[in-house]
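The values are calculated or read from the model by the stated rules, or taken from the named source; none is laboratory data. Source: prediction; values computed, not measured. Please note: Cβ atoms are built from the backbone with ideal geometry, for glycine as well, and neighbour counts cover all protein chains shown. Only protein heavy atoms, including side chains, enter the accessible area calculation; ligands, DNA and RNA are left aside. Shrake-Rupley method; radii C 1.70, N 1.55, O 1.52, S 1.80 Å.
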Amino acid sequence: MDKHVLEYKKTQGFNLVVQSADLLAKKLTFSQNNTIYMINFSLSDLRKAIDQAYLIDETVSVIELMVGMTDYNPADAEALARLLVERIRADKDKQTVVDAFLHEYQLNSAEGLVLMSIAEALLRIPDAATQDRFLADKLASAHWQEHLNHSDSMLVNLSTGALLLTGLFERHVKANASQVFEHLLGRLGQPLIRKALQSAMHFLGSQFVMAESISSALQNSRYHREFLYSFDMLGEAAVTNSDSERYFSAYLDAIRELSQESGDVPLFEKPGISIKLSALCPRYEPLQHLRSVPELTAKLLALAQCARQGGLTVTVDAEESERLSLSLTIFEAVFTHPSLKGWPGLGLAVQSYQQRAPYVIRWLAALAKSEHRKIPVRLVKGAYWDTEIKRAQEQGLSGYPVFTRKSASDISYLSCACLLLAEPDAFYPQFATHNAHTVAAIRQMAGNRKDYEFQRLHGMGEALYRNLARDPDWLVPCRVYAPIGQYQELLPYLVRRLLENGANTSFVNQIENPDIDIERIVQNPVAFWLGLSDTEKTGVSLPVEIFGRERRNSEGMNLADAEQLFALQKRLDELSGTSHHAGPSINGNCLAGSEQVIVNPAYRSHKVGTIAFSDADTVAAALDTASQAFEAWRSTAVQTRVRYMNNAADLFEYHNTELVSLCVREGGRTIKDALAEVREAVDFCRYYAARALEFFNRPLTLPGPCGEDNFMTYHGRGVFLCISPWNFPIAIFTGQVVAALVAGNTVVAKPAEATSLTAAACVRLLHQAGIPGPVLNFVPGIGSEIGPFL
């Protein structure tokens, strides 16, 4: 263990401050012999530990990981990594075109961003005219001349010349770039530039995608027999059933074709195939688990049985964090199926940037031992970091499922590697990495063992593994993860690879840059992380804090957490029999009216409640009451109105399940959409409250007709009639009402007839938050009753 970790443990009172997911997780983490605890705890206990670690505190998680890294010797790892980097930099003449291109056009430059935009958009723009306008806009924004003859690669310099040619118009009439570009296209031939750039995108894609078919990929692999191969059929998540059937057939055909070429060699020396579960079911998500789990289990089992018969390995690819629990359930069901007994060919990819990674590995170890056979585990760092961070913020989670610092992800990778190497009877480890320090650390921890492999992506890490192969003592195989697909399927994968290669923190990016000191590149991640301040150790603000001091983000619910989902469903079931009643609310008093029965549009035999509709006299009374209350409300201090809106936000969050229940039962919304509606209403309350504090009582200067300045102050304008649609009964209804109220206006709110009960519940909470009855009046009913008053 690194001495810095021991010092941190001593000075920080480590045993007192660490709070793991539960006692089980603590025992698993602090044990010096993980095998003992894996035997003592059941698979269900270990799965529970995984779920409870979903959003564990990042600092606590990193410290626990470092404590478990007993076999890691950073000095030895740094020494070997330094040697590898020096060799790679000395082999500059063998630099790949992609490495040279991405080194020249880094993503922190305007030109790099332009090229990323082209790569991302050009492949999906369907018509030539739009492609031309897009290129005219993008190519005008960069300074290509600064890169001319700057690279050591002739091909990169030629590409720069082409980009410079297409960007020449920037120097002349940038204000009218579109016309100049059209003139240039006219001189050179309209398809010429577009075709050249499309060819460049094809070329870039070919550096990352091995072939368009399994047959071609097998042919290409024969030229590089020093590597093993794992083939990945390109394709994103299935959207329709026909998509999923097409992908399933493609996987099945690929397995059969690979089986004919596998030969009589040991299982882990044969080619394998990787499978994305999201490609096999259009409803692969937590709220659709009742459908997706049985469907995906059957399809994965069929593919695994075919692979076993053909003597191949199958690896289930890792995807977004919200799908992890589903994938483990499916994997366990297939792995334990009697038809696969004794076959160690079904593997799983584990992402170390997920904080649950070590818990997943411990569970997999117990699963392997329960079936008395190994599991091939491909350890990767993860490729969806930006998406994971943004989704956690958008969902309002209490934390992040992934580490927010790269050094923390690197520490997690090494810790997970320790766990895999510590269980030789449970795992065949497959370490997917392009990082020299990571490779060196694994080699140091593994010692003389050869029962594992490294993996690299096709088109990446070639220099690193080429130099490793020079060592006569290096007998560990390297497998190439080789994507296969048509050009139209290239876009998402190409963009991910370009982002990964071009990121400033990427090892692939840094290793070729002589301006970056080698010591910085090979530094062990533990020392780097310990050198950070407490603030720096968490690199991204928590989802609740993304708006800073202005306002809190609305609290969400982690629907991928089985316990939370079960608790929500149980509460919704309890509320499903509640009968609601509402009617007009004038001056804070509930009035009678023409009663209508409200039924669930999805189950029309289920009665939700009754609503009393307003008549013309009720509407007139509401308008009169709101008019009389206007002056007093407009004069109310803006701080008071803001406090009421923030109170309402808190009440909406507190009663979110009741609002969701009504929204689902009366409006026919899905649970996921209803939760999003409540959160949007909460955001509206806090957003408009923040805007009111920013603008109200501040003079507004407007230019007059003759040049003089006119001064005015923000204030209420009168009575607002707020009419909302049925399909957003909480968000839009609440948003327009609170916007008018916080500005000092009184409101008469008229919801859609179909969702009046939901709107009435929102009005009750707004009144409860402090908004006076005369200020907010509620008139459910038919639109014809409102019309005469407009």
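Annotations
- ³J(HN,Hα) computed for each position of segment 461-475 - Karplus, 6.51 cos²θ - 1.76 cosθ + 1.60, integer Hz, glycine/proline x: x, 5, 4, 4, 6, 5, 6, 5, 5, 5, 6, x, 8, 8, 10
- Calculated diffusion of segment 723-765, Stokes-Einstein form, Kirkwood radius summed over Cα pairs, 25 °C and 0.890 mPa s, µm²/s: 239
- Close amide H contacts of Ile375 (hydrogens built in the peptide plane, cut-off under 5 Å, sequence separation of 5 or more or a different chain): Phe427, Tyr428.
- Radius 14 Å from Cβ of Ile546, net charge of other residues (Lys, Arg +1; Asp, Glu -1): +2
- Rounded to whole Hz, the Karplus (6.51, -1.76, 1.60) HN-Hα couplings of segment 387-401, x for glycine and proline: 5, 4, 5, 5, 5, 4, 5, 5, 7, x, 6, 7, x, 10, x
- Local net charge near Glu666, Cβ-Cβ under 13 Å (Lys/Arg +1, Asp/Glu -1): +1
- Residues whose amide H falls under 5 Å from that of Phe613, counting only those 5 or more places apart or on a different chain, are Ser594, Glu595, Gln596, with hydrogens built in the peptide plane.
- Expressed as a whole percent, the accessible area of segment 599-688 that falls on carbon and sulfur atoms is 50 (1.4 Å probe).
- Phi angles of segment 370-378 translate, via the Karplus equation with coefficients 6.51, -1.76, 1.60 and θ = phi - 60°, into HN-Hα couplings of 5, 9, 6, 7, 7, 10, x, 10, 8 Hz per residue; Gly and Pro are given as x.
- For Leu721, distant residues with modelled amide H under 5 Å away: Val748
- With the Kirkwood sum run over all distinct C-alpha pairs, segment 243-315 has a hydrodynamic radius of 12.8 Å.
- Working value for segment 554-647: equivalent-ellipsoid semi-axes of 35, 26, 8 Å, each the square root of 5 times a Cα gyration tensor eigenvalue, largest first.
- Counting charges near Leu651 (Lys, Arg +1; Asp, Glu -1) among other residues having Cβ under 12 Å from its Cβ returns a value of -2.
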